[in-house]
Amino acid sequence: MNRVVAADAAGLRRAAELLRQESVCAFPTETVYGLGAHAFSARAVAEVYRLKHRPSWNPLIVHVATTAEAEALAHEWPPAARLLAERFWPGPLSLVVERAHHLPANGGPPTIAIRVPAHPVALALLRECGLPLAAPSANRSESISPTTAEHVIRSLPDVPLVLDGGACRLGIESTVVDVTVSPPRLLRPGALSLRAIRDVVGALQLSRPSGSSGQLPGSAEAAPEVRSPGLAHRHYAPRARLRLVDDPAALAEGSDPGTVGILTHLPAAAEGAHVELLSADPLEYGADLYAALHRLDDAGVATILAQHPPRGDDWLAIRDRLTRASAQ
């Protein structure tokens, strides 16, 4: 039986039935493909962790179809949550709130991360199955996030079902904001910009950078309480070794043909190197980042030389992803 199916009525029914049986399926969102499971079924969530080889400390984001459903999962709905949800949901923003006391904690933090996705297939699946869905990226832990159904199958060959909704529009994970504190705190930069969030809530706390790289909190293993995914020191990584450099073309000169890939937003040429030239616009760059890393891995390069992205808040999510992907 084909495990990659069209996201039509029949495919949605098949996926919903799997989810109601406490199994899992992959589906597209506007950010990346997610591996969905009934968020409050210990059996289903355990299958997500097993398939992804995901460490147990790394929390999941719960996806729901409406803001009302999100509020039902929260002990309280702070004013910042109301303002941000009204402005950005459905969309690439995850809100961390205090978990409703009737929900199983399963040893996790007293908070829960929730979002309403903007992809029509994701929303249709949520309505069809009638369940809140935990849905981390549908790939093996630490590896490149998937933005197509093919990426999912190659990373998770044992996934029972993938709803094929084409390539993801934004191509980078949601922004995660903790609204249990005031001002709200950015936990993970993502597809929604800091400028847009500040326009709604004003002040926004930023996680303290660690080390000279300027990355957000690195080793989640050392954190007493992890409230957001995407905080592992090494994450989003290709099979090839990725290095962040100032001049990738110069470093690639003289390398053996086909062994080096270049990822850049500036024109670059190096004989024998595979070059992925992405847009100098951060939104367009983010939309193609993971797909470009997949293409370089497919080309069989041993090393990827990634141009340092520009400074500034608009590039924060890109810098975060590349910094974690280059961690050893």
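Every number here is computed from the coordinates shown, using simple stated rules; none is lab data. Model, not experiment: these values are computed from the prediction. Here Cβ is always computed from backbone atoms with ideal geometry, including for glycine, and neighbour counts include all displayed protein chains.
A few points about this structure:
- Radius of gyration, Dmax [the range 241-326; alpha carbons; angstrom]: 11.9, 37
- For the pair Gln328 and His101, label points projected 7 Å from Cα toward Cβ lie 5.1 nm apart.
- Ratio Rg/Rh [Cα only; Rh per Kirkwood] for the range 4-222: 0.95
- Of the trypsin sites (Lys or Arg not before Pro) found in the range 224-328, the ones in coil according to DSSP and having at most 12 other Cβ atoms within 10 Å of their Cβ are Arg311.
- For the pair Arg234 and Asp8, a Förster radius of 41 Å applied to the C-beta separation gives a FRET efficiency near 0.60, rounded to the nearest 0.05.
- The separation of the range 259-313 from the range 232-256, counted between C-alpha centres, amounts to 9 Å.
- The length gained on full extension between Ala269 and Glu22, counted as 0.36 nm times the residue separation minus their Cα-Cα distance, comes to 83.9 nm.
- Gain upon complete extension [Ala250, Trp57; 0.36 nm per residue less C-alpha separation]: 65.4 nm
- Considering only alpha-carbon pairs that sit under 8 angstrom and 6 or more positions apart, the relative contact order computed for the range 272-328 is 30 percent.
- Grouping the Cα pair distances of the range 1-95 into 5 Å bins from zero gives a pair-distance distribution of 2, 11, 19, 21, 20, 16, 9, 2, 0, 0 percent in increasing distance order.
- Highest-first arrangement of 194-202, 129-137, 36-44, where packing means the average Cβ count within 10 Å: 129-137, 36-44, 194-202
- With 0.36 nm allotted per residue and the present C-alpha distance subtracted, the Val200-Glu76 stretch has 42.7 nm of extension available.
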